[in-house]
Amino acid sequence: MTRVAAIDCGTNSIRLLIADIRSSNGITTLTDVVREMRVVRLGQGVDATGELAPEALERTFAATADYARLIKEHEAVKVRFVATSASRDARNRELFVDGIRNLLGVEPEVISGDEEAALSFAGASSVLPILDGQEVLVVDLGGGSTEFVLGTAAGVTAAKSVDIGCVRLTERHLRQDPPTAEQIAAAQADVDNAIARAHQDVPLERATAVVGVAGSITTITAHALRLPEYTPDAIHGTELPLDTVRAAAGDLLGMDRADRAALPYMHPGRVDVIGAGGLVWGRILERLHGLTGGRITTATASEHDILDGIALSIG
């Protein structure tokens, strides 16, 4: 057994997983010790300015300092810190890298979209086994980017990361509360173009099932289920008809922020961006249904994603 610590620092949130890794008969399993999430909005303004904002860095460093204390307390022997879309895009990312190194004593890795996609697939497939003959599409909908990853039980066959995410689209288009029809149309055009770019590299029409990961998708699932609170066990592995998921996504897009904030399963850090997340997820599912000739009729949500993939990669 090895105790590891994985940190996933995205555009909207920073998450920690301390877990025990065991391997037996060629099968590797993770047992959670600590799983935490903070919304720090590292990607605040990056789409417009190309730089990480000082206040966003401050929030991220504060969360990382707390995580460093937990890692020490729980005696993790291996640590991997992975940063994704916002850090890839920022001209001043060396400030971020230096700050994380000083706090954790490890080099933060600003990974490519392709590696992000592979880690997301590994995390999702580790707990939702893929049957022989299936080609499953994993969609990781983040704050700054979305990854499309097609794979089988043997691993990834094709992947593409595109620059659409709930924070990026909110800042770029959905500025009013609730957004106007013109703003929604502009955001939809961005999403449709991104799906078309992803389709150039990923044969979406071959997918036999779709699994969605990350906070936007799990929150949309919670809304579809009308949960009395955010309950990961009730969300993880839930398979719902596409029409149900798309209706929930559209409902969140049309709400104002006060109504979203009142939902019992809504994290405060997602209130302003979940509408854009709903727009992205709804458009992807609509397009996927068409590309597969109607074969894809349901979508499954997974609470396990790139964070689990990071932990598995260092065990």
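Would you please classify the overall shape of the stretch 2-111 from the alpha carbon gyration tensor, given that a ≥ b ≥ c denote the square roots of the eigenvalues, rounded means a/c under 1.5, and beyond that prolate means a/b larger than b/c while oblate covers the rest? Prolate is the answer for the stretch 2-111, as a/c is 1.5 or above and a/b outweighs b/c. Out of these labelled values of P(r) over Cα pairs in 10 Å bins from 0, in percent, (1) 6, 26, 30, 20, 12, 5, 1, 0; (2) 6, 29, 37, 23, 5, 0; (3) 5, 21, 27, 22, 16, 7, 1, 0, which was calculated from the coordinates shown here? The value computed from this structure is option (2). Structure remark: mean-square fluctuation, Gaussian network model of the chain, C-alpha springs under 10 Å; the largest value among 155, 133, 290 belongs to 133. Packing around the peptides 42-55, 92-105, taken as the average count of other Cβ atoms within 10 Å per residue, puts them in this order, highest first: 42-55, 92-105.
For the stretch 213-244 versus the stretch 280-315, the spacing of their alpha-carbon centroids is 13 Å.
Considering only 108, 179, 241, the mean-square fluctuation computed in a Gaussian network model of the chain, springs between alpha carbons under 10 angstrom, is largest for 241. Remark: spin-label model distance residue 229-residue 201 equals 4.1 nm, labels positioned 7 Å along the Cα→Cβ axis. In the stretch 169-279 the Cα-Cα distances spread across 5 Å bins starting at 0 as 2, 11, 21, 22, 20, 14, 8, 2, 0 percent of all pairs. Sequentially through the stretch 98-111, phi angles give Karplus couplings (6.51, -1.76, 1.60; θ = phi - 60°) of 4, x, 5, 4, 5, 7, 9, x, 10, 7, x, 9, 8, 8 Hz, Gly and Pro residues having no value and appearing as x.
For the residues 277, 142, 237, a GNM of the chain with alpha-carbon springs under 10 Å puts the largest fluctuation on 237.
Per residue, the chain exposes 41 Å² of accessible surface when a 1.4 Å probe is rolled over the protein heavy atoms with every protein chain present. With a 1.4 Å probe and every protein chain kept in, tell me what percent of the accessible surface of the chain is carbon plus sulfur. Ligands and nucleic acids excluded, carbon and sulfur give 49 percent.
The values are calculated or read from the model by the stated rules, or taken from the named source; none is laboratory data. Remember, predicted model here, so these are calculated numbers, not experimental data. Glycine gets a Cβ as well: all are built from the backbone with ideal geometry, and neighbour counts include every protein chain shown. Surface areas here come from the heavy atoms of the whole protein model, side chains and all, with no ligands, DNA or RNA. Shrake-Rupley method; radii C 1.70, N 1.55, O 1.52, S 1.80 Å.
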